[in-house]
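Asker: Below you will find the structure I want to go over with you.
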Amino acid sequence: AEISFSAGTYVGNHTMYGALAMAANMPESPRAGFIHIPQATESIIDATKPSLTLLEMTEAIKRALSVCALHTSDIASNAGDTH
């Protein structure tokens, strides 16, 4: 996994900033985030395109949420790439 500045940038940014704005206006200001996932292998037509199986995506999201729950502060990092 890596930070990407091109994978669905407009929709991803809109979703992320909307979630952050909503969280900021809630009484306890919960943490919020956005995870971009590839198309499911089970539904992909072009095998050269990036994909994960639904089982792999489910496991990856579970692990990401577990790590978020264990760590109460975020990592300050300036990173990312365009693909």
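The values are calculated or read from the model by the stated rules, or taken from the named source; none is laboratory data. Treat the numbers as computed from the prediction; the structure is a model and nothing was measured. In this analysis, Cβ positions are derived from the backbone assuming ideal geometry, glycine residues included, and neighbour counts consider all displayed protein chains. Only protein heavy atoms, including side chains, enter the accessible area calculation; ligands, DNA and RNA are left aside. Shrake-Rupley method; radii C 1.70, N 1.55, O 1.52, S 1.80 Å.
Asker: Select from the range 16-56 the residues that are in contact (Cβ under 8 Å) with a residue 12 or more places away in the chain, open to solvent by 90 Å² or more (accessible area, probe 1.4 Å), of a type outside the set (D, E, K, R) and not in a loop (DSSP other than H, G, I, E, B) and list them in ascending order.
Answerer: Matches in the range 16-56: Gln39, Leu54.
Asker: OK, next. Considering only the range 44-56, I want to know if a residue exists there that is at pLDDT 90 or above and touching a Pro at 6+ places or on another chain (Cβ under 7 Å).
Answerer: yes
Asker: Give the residues of the range 41-78 that are of a type in the set (Val, Ile, Thr) and closer than 28 Å to Pro30 by Cα, sorted by residue number. So that I can check it myself, show each step before the final result.
Answerer: The initial filter retains those residues of the range 41-78 that are of a type in the set (Val, Ile, Thr), namely 41, 44-45, 48, 53, 58, 61, 67, 72, 75.
Answer for the range 41-78, where residues must be of a type in the set (Val, Ile, Thr) and closer than 28 Å to Pro30 by Cα: Thr58, Ile61, Val67, Thr72, Ile75.
Asker: State yes or no: is Ala23 at pLDDT 90 or above and touching a helix residue (DSSP H, G or I) at 6+ places or on another chain (Cβ under 6 Å)?
Answerer: Working: at pLDDT 90 or above: yes; touching a helix residue (DSSP H, G or I) at 6+ places or on another chain (Cβ under 6 Å): no.
It is false that Ala23 is at pLDDT 90 or above and touching a helix residue (DSSP H, G or I) at 6+ places or on another chain (Cβ under 6 Å).
Asker: What number goes with the only condition from (1) open to solvent by 60 Å² or more (accessible area, probe 1.4 Å); (2) assigned to a loop (DSSP other than H, G, I, E, B) that Cys68 does not pass?
Answerer: Unmet for Cys68, out of (1) open to solvent by 60 Å² or more (accessible area, probe 1.4 Å); (2) assigned to a loop (DSSP other than H, G, I, E, B): (2).
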